[in-house]
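What follows is a set of notes on a single structure, which appears directly below.
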Amino acid sequence: MTTANPLRPALSSPALRDPIRLKRMALGVMLATALAAGPLAGPTPARAEPPELTGAAWAAADRAYAAQRDKKYSETVTYAREALKLRPDVARLWLLLMDALEAQDKTAEAVAAGNQAIAAGITDQTLVARVRAQSKILAQAPSLAANKALEASNPKAAVEAAKKAIALVPDDLSYRMLLVYALIADGQIEAAEKAAGEAVEVDPQSFLPRTLRGYLRERLGRIAEAEQDFDTALKDEVLSGATARDVRLVMADAAIAAGHPQRAIKLLEQVQPQDAAVAGRLRVARTQEKNPKLVPDKAFQSLPVPYQKCVDTPYGPSCSLVPATTPPGGGVSDTPGYDAALEAFNAYRDGNDALAETRIREALKDNPGNPTWRRLLVDTLERAKKFKDLDVAIRDAIAQGDTDPTLLALRAANEKRLAEPLAEQAIKELARGKAQAAVTLARQAVDRAPDALVFRIVLINALMAAGQVKEAEAAAAGAVADNPSEPLPHVLRGYLVQKLGQRDEAIREFDTALASPVLTDLEDLNFRIIASNAALAAGQAADALKLLEPLDAGKNKEIVPLHKQAEALMKAPGGPRPALVQPVVLCQPTSYGVICSVFAGQSLQVAGAGLNPAAPGYAAASAAYAAFGKRDYSTAIAEARRAVDAEPGNTTYQVLLLNALTSAGRYREAEVVANRLLAGNPRDATLLVQRANLRMRARDFSGAILDFRAALASGRLPTGQVRQVRLGLADAGLSAKQPAIALDALAPYEGEGSYEVQARFGFAYLALDDKEAALQAFTLAATRARSGQERMAMLTARIGVLSQLGRREEARQLFLSAYNSGALRGMKAVDLAVLASQAGEDDLAYEYFSEANSRWQLRGTNLINAGYAARHTYHNAEAVDYFKSAIDEAREGKLKLDPQYLFGLRREVAELTRTWGAYASVSYGAVGVAPGSYLAPPTPGANHTIGAGGEIYWRPPGIGYRDGAIFELFVRGFGTLYSDAGGPTGFDTIQGGAGARWKPFKSENLVLEVSYLFPVGQYARDDVLLRAAYSKSEGTDLRVDVDNWRAWQIYGDYNYFLMTPQTVASFEARYGHAWRLDAISDRLVLWPYLAIGGGYDTGYATPFALGAGPGATMRYWFNEDEYAAPRSYLDLTLQYRFKLAGDERAEGIFAGAFLSY
């Protein structure tokens, strides 16, 4: 049995991928099939043969056939078309045209001609079969393109290509299935369900489209319809053997996910229970019967996709579906130890590492092969900094077969952490004069982390101190072999091999060290002194002088004695030679780990370059080192300062002080020391990097960028450090909000798939608003994440980017997949709530925010997030409490918020706490003038009249305000106060009304209203009014962050009176600039604008009126408190309109006052 690409259509067998073979095979087979089917189809109704060709039609056809015989296909097409213009009823002419086009490889045109013939009424079976066969051939290209697009993770392109294939062969099931899978890959679950339904219509008996539609309906929560599809699919008579087994497994998974374990058990009754996959599902289903919480809520929303599996047979491809490896709730929850593991996950989420470790170890005793549980143990031990236990846990996981690269990388990092204390203790033992003890400890450090060069240097130093020269040389040789580009082990081995009498090998090692491009000036000086001493000790004075030649004797007085010795030896080659002096290796623990340097031996030592017992400050420096080793940083700093004061030019003392200050977290003071050191040696790459890290910790990101760049430009960085420095530069660029710098720093590693690189690429792309590139980088980084923290970071980043891209369903599925698999069990409630909120799972977000709040874990921006989650789930009272807490924190300085954002939170409180309100208005000539609120109706009025009215409304609890959707009940009354035309005014004109209005969409200001109008005065009407209004605006609310801003508004209103049919509509658009009149009140706003507006009223002889002109509105905001923004305002509006079209009422002065309370 062979398995094809699961997203490839059923007809894409290997034999059909050669276009030439495909063309010939498909055309021949399909024509043969069609013709062979003719006699079996039974008698067909007799049809009249077309009359014989005559005249011009005959002449054109004769020329066409002659051209065909001569293989002049272009002429054949021309004459055939000419004949068909006269006689489109002749099938053989259409076939002749199709043959000629096909001979020119114009298959698409041939198909078009055939379809044109069919449209003209041609029913010839040969022609119909030819069109179908050629359409099949044409459809293979878009089908192949769709498959390639899916393989390239471009589902949108796959959707378009599959649709093209379907357009050519609408009744081909394989292309329709391909479209369904492409839509699933694109996250369009509803569209995929519709496409699956269309596939069912093509082949109602096939189990494939029905099962897939059932799966999609399950994903959409339409469980009953899904199960109906599954039941119908099982009636397909082709289901047997492995195919039936796989389909039943898919359906059983759906039943388990839907919380129907008994259905799952029934589905599997007819399958062999010995089958491992069947047994696993039966075990989960039976456990689920006893404990329904075994399977997470809404598990059906994240069911894995059942892909196609097709096998080529002599009769065509045979297809089935591939079920998931494990059922919902399986793999963890149905195994021994589940309860202990669940408690461990919860404890880890709550930060209780001790309990998490205890419970997960208990769970692993029952189920030692569970990789998810082992990873929790690893994450717990790492967070608890129990590195020895972590090492054992990692080794156990690897022994169990877990070879995840992230786990292997964590092992390497942990080995170095375990080796660090051993190396530090070795350094302390050397300081005490216990060389042999130091050797033992250093060997253990190297065994623990063999890839760390610094531990090898500690070992070489300990062996030299112990007098074990041969062993020291062997250790140095190993260090050189593993680190050929590092100069430090070369210079040490140069000394050691000369000590063993191998002068030629020593020369090669010294030359290699001095040729390194990464030496600092101080290292170059010391290494040349060491090498020249070795040359003099061997009696090679000329070589010694050559080594000293690049050095300036005026600046480096240390080389003067060496010059004198060399010159004396040149004059008297047989004279006394200086002794070979052992280099000094200085290793010290720092906050960055152990660092080692090599200096010339004490009798040759450069001033200020090492620890010389005869040098000033030696005792203080020794005391500083001792305190440093004990992590007594205060004492270390004090003693280091004494050493520096005694000999200010001693670089070693300065570095000691720098490291002590850094370890104590006194970064500003440490930077002062680094500045002093760099003033004397500005190209020292090590110091530049150290200062860059200090500046990062002090949040001086611009300064860090300069230092990282200088270190890279110096050309003196050891090869092994370049990558880390580039990563540091990328971090500095991102922190400084300069993502281009980060991208430039990361450019050499663009093809590297590591977490460190790809995560930084992702954040850089995101900062540049290239969300697609960011998503790709985050997805790659997620596959290489080494720790739970890194995995969560990438999951959060991917969900956030998908939400920003508008791919909310993908974000939701990604979250649900992780949530239902148990991968998120270790997260804190508040972090899980934020993640659920980003993914659009508002109910879950609300639950976890509530849990976090009950544990006093909510603060800062998470109070705001919790408020919106509560609002989205219609828990308005809780939302108000969260928003008020956030406002309190902002007022106390604990939470920094932009003033307008804070005002927005107060606006939320005002809206959420509103239960009733009122409107009142007076207007003159209000034709096409928007009301002060989009919820309020415009004041009825006409030209040269003054109208007035008011309304009181109520929002019923529970349904009045639901996440921006509003429902209100109201009573209102309007009347006419004045009329130029002498019409009715006063009480007799009062129109009463009562009704309800609904704003169904939270983000769109569409209002639907129905009201009963009842007469109060004798001139009022008794009627039913249907009203719809829509508005959109910007800048109409109060601004507190600026004193002037752009403002615009559009408004439209449609009213229909049912009992006495009349249509009244109005619209208005305003555009202008608003000013806050702070000199009078910071709650008073003047908004001058240009307006265009009009009305339509069937009660007028000329219903339409349109005008435009200048206007201004003055609004005063009031009725606020410390938590709620102003709830009320008073508008005064004045406009003058010039008529543009329609009735005269469009022109004149329009004025009004509007109160919203």
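The values are calculated or read from the model by the stated rules, or taken from the named source; none is laboratory data. Keep in mind it's a predicted model, so treat the numbers as computed, not measured. Positions of Cβ are backbone-derived with ideal geometry, glycine not excepted, and every protein chain shown enters the neighbour counts.
Per-structure values
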read-out	value
Count of residues meeting criterion [touching a residue at least 60 places away in the same chain (Cβ under 8 Å) and either within 25 Å of the chain's Cα centre (by Cα) or surrounded by fewer than 18 Cβ atoms within 10 Å (Cβ to Cβ) (or both)] in region 695-749	3
The one condition in (1) touching a residue at least 24 places away in the same chain (Cβ under 8 Å); (2) out of contact with any Lys or Arg (no Cβ under 7 Å at 6 or more places or on another chain); (3) of a type in the set (A, V, I, L, M, F, W, C) that Val1010 fails to fulfil	(1)
Identity of the residue in region 400-416, of a type in the set (A, V, I, L, M, F, W, C) and in contact with a helix residue (DSSP H, G or I) (Cβ under 9 Å, 6 or more places away or on another chain), that ends up surrounded by the most Cβ atoms within 10 Å (Cβ to Cβ)	Leu410
Within region 195-223, considering residues that are within 25 Å of Gly259 (Cα to Cα) and charged (D, E, K, R), the one surrounded by the fewest Cβ atoms within 10 Å (Cβ to Cβ)	Arg222
Checking His872 against (1) surrounded by fewer than 20 Cβ atoms within 10 Å (Cβ to Cβ); (2) out of contact with any strand residue (DSSP E or B) (no Cβ under 8 Å at 6 or more places or on another chain); (3) over 23 Å from Phe967 (Cβ atoms), the condition it does not meet	(3)
Matching residues in region 569-585 - criterion: being buried (at least 16 other Cβ atoms within 10 Å of the Cβ) and part of a helix (DSSP H, G or I)	Leu569
Test: residue in region 456-467 that is under 38 Å from the mean Cα position of the chain (by Cα) and not in a helix (DSSP H, G or I)	no
The one condition in (1) surrounded by fewer than 18 Cβ atoms within 10 Å (Cβ to Cβ); (2) closer than 21 Å to Gly964 by Cα that Ala936 fails to fulfil	(1)
Residue satisfying all of: in region 265-284; without any contact (Cβ under 8 Å) to a residue 40 or more places away in the chain and either crowded, with 24+ Cβ neighbours inside 10 Å or hydrophobic (A, V, I, L, M, F, W, C) (or both); farthest from Asp231 (Cα to Cα) among these	Ala276
Residue check, Arg791 in contact (Cβ under 8 Å) with a residue 12 or more places away in the chain, among the basic types (Lys, Arg) and closer than 21 Å to Arg411 by Cα	yes
Checklist (1) of a type in the set (S, T, N, Q); (2) under 30 Å from Gly1017 (Cβ atoms); (3) not assigned by TED's automatic domain parsing to the domain that holds Ala965 applied to Thr873, failing item	(2)
Failed item in (1) not in a helix (DSSP H, G or I); (2) not assigned by TED's automatic domain parsing to the domain that holds Leu101, with Gly197 passing the rest	(1)
Restricting region 642-666 to residues that are surrounded by fewer than 18 Cβ atoms within 10 Å (Cβ to Cβ) and in a helix (DSSP H, G or I), the residue that is modelled with the lowest pLDDT	Ala646
Residue list for region 140-152, restricted to those being surrounded by 23 or more Cβ atoms within 10 Å (Cβ to Cβ) and either outside the structural domain of Gln104 (by TED's automatic domain parsing) or at pLDDT below 80 (or both)	Leu150
Meets criteria (farther than 21 Å from Leu53 by Cα, among the aliphatic types (A, V, I, L, M) and either assigned by TED's automatic domain parsing to the domain that holds Ala64 or part of a helix (DSSP H, G or I) (or both)) for Ala117	no
Hits in region 79-88 (condition: more than 16 Å from Glu102 (Cβ to Cβ) and surrounded by fewer than 16 Cβ atoms within 10 Å (Cβ to Cβ))	Lys85
Number of the condition not met by Lys386 [criteria: (1) touching a helix residue (DSSP H, G or I) at 6+ places or on another chain (Cβ under 7 Å); (2) modelled with pLDDT under 90]	(1)
Whichever residue in region 230-264 is surrounded by fewer than 17 Cβ atoms within 10 Å (Cβ to Cβ) and of a type in the set (S, T, N, Q) and, among such residues, is nearest to Glu289 (Cα to Cα)	Gln262
Every pair of residues 6+ apart whose Cβ atoms lie under 6 Å, when the first sits in region 859-879 and is touching a residue at least 12 places away in the same chain (Cβ under 8 Å) while the second is part of a loop (DSSP other than H, G, I, E, B)	Gly860/Leu895; Ala866/Leu858; Arg871/Asp963; His872/Asp963
Test: Phe970 is in contact (Cβ under 8 Å) with a residue 12 or more places away in the chain, buried (at least 20 other Cβ atoms within 10 Å of the Cβ) and under 18 Å from Thr1133 (Cβ atoms)	no
Close pairs from region 834-849: first at positive phi, partner charged (D, E, K, R), Cβ under 9 Å, at least 6 apart	Gly840/Arg808; Gly840/Glu809; Gly840/Arg812
Residue tally, condition closer than 13 Å to Met696 by Cα and part of a helix (DSSP H, G or I), over region 707-753	12
Residue, nearest to Asp888 (Cα to Cα), within region 839-860, restricted to residues that are surrounded by fewer than 22 Cβ atoms within 10 Å (Cβ to Cβ) and of a type in the set (D, E, K, R)	Arg859
Residue among Ala423, Ala397, Ala445, Ala419 that is crowded, with 18+ Cβ neighbours inside 10 Å, touching a residue at least 40 places away in the same chain (Cβ under 8 Å) and part of a helix (DSSP H, G or I)	Ala423
From Tyr1056, Tyr1030, residue being over 21 Å from Ser1156 (Cα atoms), surrounded by 14 or more Cβ atoms within 10 Å (Cβ to Cβ) and at pLDDT 95 or above	Tyr1056
Restricting region 919-969 to residues that are under 49 Å from the mean Cα position of the chain (by Cα) and within 17 Å of Leu1106 (Cα to Cα), the residue that is modelled with the lowest pLDDT	Gly928
Within region 481-507, tally of residues that are assigned to a loop (DSSP other than H, G, I, E, B) and among the acidic types (Asp, Glu)	1
